Amino acid sequence: MGEEKAKTGHSRLDDLLFGGFPFGTNALIVGEPFIGKETLANLFVLEGLEKDIPALILTTECSPVDIIKELKYIDEDIEKYSEKGLLKFIDAYSKSMALDEERDDTIVVENLTDYEGIYKAIEEVSKNFSEKSNYFKMVVRPISTLLTYSDPSTT
């Protein structure tokens, strides 16, 4: 019997990966602007949600409301996953942009460099998800923004 894998949400990519990503894998989606990196990340999240696999999205460049709008293009009923506690956000964007978009499924941190706040939020969501599933999917949208604002001397 083969290794258990997490489907990507894209059947051709799953074929190329011999069934998907092995559990525990960290995958980085890299490419030119506007080629569909966010769409692939959204498909990855939705594929799991459809199987009751929780998902955490760390937002660094747009608000959770913006991501929900994107996800609605693929699944108009995306809010049902938030209502079931399967979809959570850590928002490292909105506060620094003075946006006030409170959502029950979102933990807001001070800014992109609030690493302690981000870490604590991930731990909180992870603990919550562990009551629902043995694993969950996590997406950072996008990681390049985190890297741009990071200070290597503080890590």
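Of Glu76, Glu61, Glu50, Glu83, which residue is charged (D, E, K, R) and under 13 Å from the mean Cα position of the chain (by Cα)?
From the options Glu76, Glu61, Glu50, Glu83, the qualifying one is Glu61.
When you go through Lys127, Lys137 one by one, which is the residue that is charged (D, E, K, R), closer than 23 Å to Phe21 by Cα and touching a strand residue (DSSP E or B) at 6+ places or on another chain (Cβ under 7 Å)? Full working, then the answer.
Details: Lys127 fails: touching a strand residue (DSSP E or B) at 6+ places or on another chain (Cβ under 7 Å).
The unique qualifying residue is Lys137.
Does segment 82-102 contain any residue that is at pLDDT below 95, closer than 16 Å to Met138 by Cβ and crowded, with 16+ Cβ neighbours inside 10 Å?
Yes.
Taking helices (runs of 4 or more DSSP H) that do not extend beyond segment 1-74, which have at least 1 residues that are surrounded by fewer than 11 Cβ atoms within 10 Å (Cβ to Cβ)?
Where helices (runs of 4 or more DSSP H) fall fully within segment 1-74 and carry at least 1 residues being surrounded by fewer than 11 Cβ atoms within 10 Å (Cβ to Cβ), they are 11-16, 64-74.
Any idea how many residues of segment 97-155 are in a helix (DSSP H, G or I) and within 28 Å of Phe34 (Cα to Cα)?
Going through segment 97-155 one residue at a time, the tally reaches 9.
With respect to Lys137, is the statement that it is touching a residue at least 40 places away in the same chain (Cβ under 8 Å), under 23 Å from Lys7 (Cβ atoms) and among the charged types (D, E, K, R) true?
Criteria met by Lys137.
Among (1) closer than 24 Å to Gly9 by Cβ; (2) of a type in the set (Ser, Thr, Tyr); (3) in a helix (DSSP H, G or I), there is one condition Tyr93 misses while meeting the rest; what is its number?
Unmet for Tyr93, out of (1) closer than 24 Å to Gly9 by Cβ; (2) of a type in the set (Ser, Thr, Tyr); (3) in a helix (DSSP H, G or I): (3).
The values are calculated or read from the model by the stated rules, or taken from the named source; none is laboratory data. Here the structure is a predicted model, which means the values were calculated and not measured. FYI the Cβ positions are ideal-geometry reconstructions off the backbone, even for glycines, and counts take in every protein chain you see.
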